[in-house]
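Scroll down for the structure; my scribbles are underneath it.
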């Protein structure tokens, strides 16, 4: 029994050392996982957050978190980081875990609406965890900053806003749609003028329309089987149109002219 107590006493320091260390935050945005794009944009948004609220904001993205370690060491790190910023009314760090999506708020601050930390955390999680579970990290981090700023400044929760990742063209980009409407309209007019409404053209168009609608229906069916939900944004219109175009040319090239339809 005595040996067991001695062994446990020796193992206690090792257990403390085995806790996941808190990464050093050298900038306003620190991502040790490399999964969140747009570091410069998020850093700029953290700067704007600081200017509007007077609270120094830090964003930390980690694979997993040890809440006890973060709560113990995080506030000490924040105190050192803001020691030379007396104009700040406090500091806060948003910690985001990626492996098992989780959000933690660490800090001390004075705000227009002084809410308990667990209430603020719940407000942020309710608006962001769905994005993190789907891998929309850039969207989730931006939404977290919007919700936190509104809560600290005693403003209503802002409406949902789409933040496209930096590699996308803009907020109007639609996932899976690689054909612009005007380009498709011009191609349609060109085909109509080229084939001049021939019966062979109409015959091919029947199969084209059927295959395009069938492809969209098949995608919706697969999405429903996978997620028990169907979203129009997740249906690839590009694939459906490519299937329709391929069907059109296949039918056009592999069928003879239907003279009987022109000369009944």
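The values are calculated or read from the model by the stated rules, or taken from the named source; none is laboratory data. Everything numeric in this text was worked out from a predicted model, so none of it was measured. For neighbour counting, all protein chains shown are included, and Cβ atoms are generated from backbone atoms with ideal geometry for every residue, glycine included.
Exactly one residue among 42, 48 is within 22 Å of residue 132 (Cα to Cα) and modelled with pLDDT of 85 or more, and that residue is 42.
It is to be established whether one or more residues within the range 162-176 are at pLDDT 85 or above, outside the structural domain of residue 39 (by TED's automatic domain parsing), surrounded by fewer than 19 Cβ atoms within 10 Å (Cβ to Cβ) and in a loop (DSSP other than H, G, I, E, B).
The answer is yes, given that some residue of the range 162-176 is at pLDDT 85 or above, outside the structural domain of residue 39 (by TED's automatic domain parsing), surrounded by fewer than 19 Cβ atoms within 10 Å (Cβ to Cβ) and in a loop (DSSP other than H, G, I, E, B).
Look at (1) touching a helix residue (DSSP H, G or I) at 6+ places or on another chain (Cβ under 7 Å); (2) surrounded by 17 or more Cβ atoms within 10 Å (Cβ to Cβ); (3) modelled with pLDDT under 80 and you find that residue 113 fails only one, number (2).
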